[in-house]
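The values are calculated or read from the model by the stated rules, or taken from the named source; none is laboratory data. Because the structure is predicted, anything quoted here is derived from the model rather than measured. Heads up, the Cβs are rebuilt from the backbone with ideal geometry, glycines too, and the neighbour counts pull from every protein chain shown. Heavy atoms of the whole protein, side chains included, go into the accessibility calculation; ligands, DNA and RNA do not. Shrake-Rupley method; radii C 1.70, N 1.55, O 1.52, S 1.80 Å.
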Amino acid sequence: MIGYYVHHHGLGHLHRATAIAAALETPVVGLSSLPRPPAWRGAWLELPRDDDGDTMVDAQAHGQLHWVPEHHGGLRARMAEVSAWIANVEPQLMVVDVSVEVSLLARLHGVPVVTVVLPGDRCDPAHQLVHSVARRLLAVWPPEARRLLRGVDEESDRLVRVGGMSRFDGRPIAPAAGRPSRRRVVVLAGAGGTEVTAEHLDRAMEQTTSWEWTVLGGPGAWVDDPWDLLCGADVVVSHAGQNAIAEIAAARRPAVVIPQPRPFGEQDVMAAGLAEGRWPVVVRGGFPATGWEELLDSAAGLDGRQWQGWNDGGGAARAAALIEAEARATVSESR
């Protein structure tokens, strides 16, 4: 049995976990504050929330951890449920995407851990600790993408980069419907929060009357399955979240990437890595006030097929193979 913890912020962790779990042969149990997703195979343990309430006392434990608010009933119940599950099930391995505290809890119970790592500056004590105790660090970007994880030796054999993955991997690229009179731009706003406002988008649209804009994500604009819209875009305008980039890569569309503020500079580091590589993107540090016609024209001239090296469709299978190998190794080593 493998346990798979899924962080509840945004939807990227959930989409990634669902893709990997579907490729696993060993039975897997999901653990998360999120409700069980329809596509999840196997059992799911829905955990109490640990981020509700008005007062959070010393949530970072003097800077040594990320989220352990003192005297929080939800945190106490959450950790007790995970501990009870470990004691009852005795899992071979715990995959954690992502939580320093759940990783440490599992390891303190003697359960080996594979932790998913995210881009960014991860030199803080909590990340350094969890990276030091995990058997493997699973990175969901290709080996040729460098300097995405600050604070870990990129030559370490514990850091395994399996390539990008998305929920759309394996789907054929949908043909564009009809022959539009205007070129198409699709905006991926995401579910994790954005500084891009309706006013920003209105100004961009006013400057690009030869383009047809579709905005996905955010309140009132969420689309559960944007695959056809992505495939039909001449350019995608997106934040720099891992899953958004992997989905754009799966659709082989050129992009304008505008990183959004995230802890540990996650999207800023991701965008810098994209800009340094051969990927078909134009990166901007903030949402431009002017120049959108030229910006979209520049992006549209890039070859979306260059995304093949980022997401070749095999990332989830490689991640699953790594997890299965670690699970088998932990059993043989304990005999």
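Results, tabulated for the structure shown:
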{"read-out": "Every pair of residues 6+ apart whose Cβ atoms lie under 6 Å, when the first sits in region 11-40 and is closer than 15 Å to Asp169 by Cβ while the second is open to solvent by 40 Å² or more (accessible area, probe 1.4 Å) and at pLDDT 95 or above", "value": "Ala23/Ala317"}
{"read-out": "Residue that is modelled with the highest pLDDT, among those in region 1-10 that are surrounded by fewer than 23 Cβ atoms within 10 Å (Cβ to Cβ) and either under 24 Å from Arg171 (Cα atoms) or in contact with a His (Cβ under 8 Å, 6 or more places away or on another chain) (or both)", "value": "His7"}
{"read-out": "Residue in region 38-48 that is farthest from Trp141 (Cα to Cα), counting only those that are surrounded by fewer than 20 Cβ atoms within 10 Å (Cβ to Cβ) and at pLDDT 95 or above", "value": "Pro48"}
{"read-out": "Top-ranked residue of region 162-188 - restricted to ones that are at pLDDT below 95 and among the small types (Gly, Ala, Ser), ranked as most open to solvent (accessible area, probe 1.4 Å)", "value": "Ser181"}
{"read-out": "The lone exception for Arg262 - which of (1) open to solvent by less than 50 Å² (accessible area, probe 1.4 Å); (2) within 28 Å of Leu65 (Cβ to Cβ) it fails", "value": "(1)"}
{"read-out": "Residues located in region 62-98, provided they are at positive phi and open to solvent by less than 50 Å² (accessible area, probe 1.4 Å)", "value": "Gly63"}
{"read-out": "Failed item in (1) open to solvent by less than 40 Å² (accessible area, probe 1.4 Å); (2) among the hydroxyl-bearing types (Ser, Thr, Tyr); (3) in a loop (DSSP other than H, G, I, E, B), with Thr55 passing the rest", "value": "(1)"}
{"read-out": "Lone qualifier among Thr26, Thr18 - being polar (S, T, N, Q), touching a helix residue (DSSP H, G or I) at 6+ places or on another chain (Cβ under 7 Å) and open to solvent by 20 Å² or more (accessible area, probe 1.4 Å)", "value": "Thr26"}
{"read-out": "Residue satisfying condition, being in contact with a helix residue (DSSP H, G or I) (Cβ under 8 Å, 6 or more places away or on another chain) and farther than 22 Å from Tyr4 by Cα, within set Gly164, Gly151, Gly170", "value": "Gly151"}
{"read-out": "Filter result (open to solvent by 10 Å² or more (accessible area, probe 1.4 Å) and without any contact (Cβ under 8 Å) to a residue 24 or more places away in the chain) within region 132-160", "value": "Ser132, Pro143, Asp153, Glu154, Glu155, Ser156, Asp157"}
{"read-out": "When residues of region 308-322 are limited to those that are out of contact with any helix residue (DSSP H, G or I) (no Cβ under 7 Å at 6 or more places or on another chain) and part of a helix (DSSP H, G or I), the one surrounded by the most Cβ atoms within 10 Å (Cβ to Cβ)", "value": "Gly315"}
{"read-out": "Odd one out for Asp228 among (1) assigned to a helix (DSSP H, G or I); (2) among the acidic types (Asp, Glu); (3) modelled with pLDDT of 95 or more", "value": "(3)"}
{"read-out": "From Ala221, Ala191, Ala198, Ala255, residue being modelled with pLDDT of 95 or more, on the phi < 0 side of the Ramachandran plot and either open to solvent by 20 Å² or more (accessible area, probe 1.4 Å) or small (Gly, Ala, Ser) (or both)", "value": "Ala255"}
{"read-out": "Selected residue (criterion: farthest from the chain's Cα centre (by Cα)) from residues of region 276-303 that are over 21 Å from His200 (Cβ atoms) and open to solvent by 40 Å² or more (accessible area, probe 1.4 Å)", "value": "Gly301"}
